[in-house]
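So the structure is just underneath, and the comments pick up after that.
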Amino acid sequence: MPLFQKAVFHTTVANLRDMPFDSQREIAFAGRSNAGKSSAINTLANHTRLAFVSKTPGRTQHLNYFTLDEGKYFVDLPGYGFAKAPEDIRSQWEGLLAPYLRFRVPLVGLVLIMDSRHPLTELDLQMLGWFAQTGKPIHILLSKADKLTRQEQALALREVQGELARISDNCTLQLFSSLKKTGVAEAEVILGAWLDMTPVQETIPPVGLRSEKVARPKNRKAVGWSARSGAKAAGNKKPPAQ
Ligand SMILES: Nc1nc2c(ncn2[C@@H]2O[C@H](COP(=O)(O)OP(=O)(O)OP(=O)(O)O)[C@@H](O)[C@H]2O)c(=O)[nH]1
Ligand SMILES: [Mg+2]
């Protein structure tokens, strides 16, 4: 089961004073408008319409909180780089985003989404350099990887990795596609560790028991214990009293 499958929408925040007070750990998703932030949240949550996705850039306007587990959140941020009036951009950045990213105590790390076809734009570099000063980690998703060939993907990874090495030593990187749902397990490892959430391991029955099930005669009921072979498999336990 995907680690963030339980995600549900919690609240939209337009003022710092309205931040959820019970948050212990949260991860913010930032990046250019249209880079695929909301889509990435939906993909990680294995959900189609949790965060609002749109072809029109600039649709996510405030901070959208999604509860993952008690006191743990993903936060979808408004994108940057979409032409709005300069005074709107400044007031949103100075009044909400900058203080949030700089001072929010439960914020444990930033996921920076960059379109794998146009990574490291001027604004991405500004964001990277600026957030790196908090000392908190950054995980980069090179999004829309489905639009690149394998060769181009490898090249994009290598090039961005090279640039990052010069900017920050607290930064990790991977390819991601919401369309193809690739990169989810890789992201879960990093984000799960930040949030102190561990993937639930599915219990796979021992090989012997699986083959026994296949070999079971058709007319025998599927019970957990069988007198002939089950005692051994069940650790020599007696069958429950009838
Ligand atoms: N091919 C492809 N398209 C994608 C992928 N991820 C997102 N898109 C598309 O890109 C567009 C923007 O996606 P959003 O998730 O809304 O982007 P956003 O970064 O949240 O955008 P803003 O909220 O405007 O900042 C939509 O049309 C998505 O369907 C992907 O992995 N592959
Ligand atoms: Mg969005």
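Here are the numbers:
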| read-out | value |
| --- | --- |
| Set Phe74, Phe82: member being within 13 Å of ligand 1 (Cβ to nearest atom) and either modelled with pLDDT under 90 or assigned to a helix (DSSP H, G or I) (or both) | Phe82 |
| Region 85-102: number of residues that are within 22 Å of the chain's Cα centre (by Cα) and open to solvent by 30 Å² or more (accessible area, probe 1.4 Å) | 1 |
| Yes/no for Tyr65 being more than 9 Å from ligand 1 (Cβ to nearest atom), open to solvent by less than 60 Å² (accessible area, probe 1.4 Å) and touching a Phe, Trp or Tyr at 6+ places or on another chain (Cβ under 6 Å) | yes |
| Any helices (runs of 4 or more DSSP H) falling wholly within region 103-202 and containing at least 3 residues that are within 22 Å of Ser33 (Cβ to Cβ) | 122-132, 150-167 |
| Whichever residue in region 164-177 is at pLDDT 90 or above and open to solvent by 30 Å² or more (accessible area, probe 1.4 Å) and, among such residues, is farthest from the chain's Cα centre (by Cα) | Asn170 |
| Out of Gln126, Gln161, Gln153, sole residue that is farther than 15 Å from Ala40 by Cα and surrounded by 17 or more Cβ atoms within 10 Å (Cβ to Cβ) | Gln153 |
| Asp76, sole failed condition from (1) closer than 25 Å to Asn170 by Cα; (2) within 12 Å of the chain's Cα centre (by Cα); (3) surrounded by fewer than 23 Cβ atoms within 10 Å (Cβ to Cβ) | (3) |
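The values are calculated or read from the model by the stated rules, or taken from the named source; none is laboratory data. Note that the structure is a prediction, hence the values are computed from the model and not measured. A quick note on method: Cβ atoms are made from the backbone with ideal geometry, for glycine too, and the neighbour counts reach across all protein chains shown. Calculation scope for accessible area: heavy atoms of the full protein, side chains included, ligands and nucleic acids excluded. Shrake-Rupley method; radii C 1.70, N 1.55, O 1.52, S 1.80 Å.
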